[in-house]
1. Filter 121/516; 46/451; 121/295; 529/549 down to the pairs with a C-alpha to C-alpha distance above 26 Å, please.
2. Past 26 Å, Cα to Cα: identify those pairs from 234/475; 250/321; 526/648, in the order given.
3. Given the convex hull of the Cα atoms of segment 541-582, what is a quarter of its surface area in nm²?
4. Take segment 47-501, drop everything but the C-alpha atoms, weight them equally and run the Debye formula without solvent; then report log10 I(q)/I(0) at 0.07, 0.09, 0.13 Å⁻¹ to two decimals.
5. Ranked by Cβ crowding within 10 angstrom, fewest neighbours first, how are 220, 139 ordered?
6. Separation of segment 120-140 and segment 502-518 by C-alpha centroid, Å?
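Just so you know, all these numbers are worked out from the coordinates, no wet-lab data involved. This is a predicted model, so every value here is computed, not measured. Cβ atoms come from the backbone with ideal geometry, glycine included; neighbour counts cover every protein chain shown.
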Amino acid sequence: MNDNKKQTKDTKDYKNKTQKVISGVSFFLTKLFYFKVKTGPAVQEKTHHWFSVLCLTGVDYFSTLAYQPGIALMAVGALAPFSSFLLVLVTLFGAVPTYREVAKRSYTGQGSIAMLESYLKGWLGKFCVLGLISFAMTDFFITITLSASDAAAHMVENPYFSQIVGHSNLGISIIMVLILGFIFYMGFKEAILFAMLCTLPFLFLTLIVIGVSGYEIVKDISLFYQWINEPIFKVDLFGLFIISALAFPKLALGLSGFETGVSVMPLISNGKNNDQHPHNKLISYVPLERIKGTKNLLLCSAVIMSAYLLTSSVVTSILLKQAQVVDGGEAAGRALSFLAHKYVGNIFGTIYDISTIVILGFAGASALAGLLNIIPRYLPRFGMAPQWASFRRPLVILITLISILILVVFKANVNAQTGAYATGILALILSASIAVMIALKREAKLNHSKKIKFKIFYFALVSCVFTYTLIDNIKIRPDGLVIAFLFFIAILLASAISRWRRAFELRVESHTFLGKESENMWEEMKNKKVNLVPISFGDKNWFKRKEEKIKEYYKCESPLAFLTISLRDDRSEFETPLVIKISKMDNNLSNYLIEVSGAVALPNTIAYISEQIDPIAIYLGLARQNAMEQAIFYVLFGEGEIGILTYKVLVQYWESTDEDDVRPVIFLMSE
């Protein structure tokens, strides 16, 4: 057997099956749109300046300006600027510091979910990660559908476009999601370029709308006095704060974009040179310029958005009434667009609508990027998704179909989706603040500085704020929790099926040798030189008796390779690298002892070692215990009826290969 068998052919088999299923679709798309469809595992993408990547996350973050001012006005009426100011404070002093800390510790783009995974081991950690993935999927999917729905609202309310497209919000939303899916086949390079063309004109035109609206207020100062004379302003400042704080969860969707900002970190350039960690260059590689660029991205985007949120909420609360932004109102889902048409004119308003429609239609790009990053990173590695989930093309198709289903369920209603959107956003930010707090507590054990202690206290307060906001949002609008729960149940069911179907894969990423001597002996044993004898324990006398029995009853004359396997503590991992040590037996120098550590399942590891050395025969012991109990032990803890399960793993592997090599003879021995 060749060493290239380290990469199992299970993966190749899944890839071939996937390509057969979608080959017709890909051929049609290629011929129809004349662009190259990417497939296979994620490749190294070209990196960009942080401001370019800001535009990619900005299409999600900044596009909320299309509906956020109207939602704030609908939630608290004339107090919208005060609630928006509270949102700005939470953004600048809560979300930004949290994700700047995440960027320092998760610079490969894995985000807060990966941080928590590293702190929570075993099946408990897996279930926590799956729960967070469910909320992340809620956030990202609703980002796609909400943006498409609001883009459709802008289109059907435009005096010119409505004559062409009619008033079918749902149909237009579905078409926009399909277009987004097609665009994303072109890859991140084209997406970033298009994001810049979307974001910068939209921000410029929005600035004009806010400026002209502000001028109208100055020109007719009575509008301002009417606003401040609203009955709600008769309460004191503390009362205003309480009312704004209670309404804050309804505005939380203005915090979108931070988790995505971290997940796209690998796209940010690390400068001309690769920077090493200043404290120990031999221990860890830390892309300092990329981290710095990500921090700039997070802060810059938050400052820009804060300015727009405050100014837009002021002009909309003064120039519009609550009745105009509720469902069915003339400015529902499009407060700034309504002001553009009213005060600048229909021509400019149409240009602004086009810019808004484009950025909203493309806002799902950052969410789609997040989904393409999260799903392959976790689920296939956990054994909780089939191998085709590691490839971009089928994932884009699946994400598009699920997005269309969500649009149908919510009937493309913008206000109906905001609760679910806020729930996903808040759950992710809360998980990030908790992950940062745990990380700081661990660092405090090594560094007892007052600065770290202050940070721990600070992020504990931040976690409390986001916990309150999340709970309050769920109480008022539980649909986000329902969607996340449905995703969680779907993932669990898919995980159970996937684990069952993939249980008999080899489940080994790679192997390394403990010393040069072990590597040399490994080469000596390969290709029908030894008989493999997996064992669980034994001393010198036991090895001798075992050898005598095998040679007496099975007429074996060739050297024996005794195999012992140490399982890792965390058996919930699906695949793992192995460390192998090989030595000669003291009682018989012609025999070998193979010691393997770091495995997650005994039968699969035995099968992997067998396929690597290609033995003459394998002598497997039978436990003679309850078959059902052994099956459960195998699924949960990687143990069980080793003999029969190893045979099953080998047979499945052999059936997936096209080689006609002579297979080892398998003997099942009663212990």
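1. On the way: 121/516 33 Å; 46/451 37 Å; 121/295 29 Å; 529/549 20 Å.
Over 26 Å apart, Cα to Cα: 121/516; 46/451; 121/295.
2. Values: 234/475 29 Å; 250/321 18 Å; 526/648 22 Å.
Listed pairs above 26 Å: 234/475.
3. Numbers: hull surface 19.1 nm².
Averaged projected hull area, Cα only: 4.8 nm².
4. -0.34, -0.57, -1.19
5. Sorted ascending by nearby Cβ count, the order is 220, 139.
6. Here the answer is 28 Å between Cα centres.
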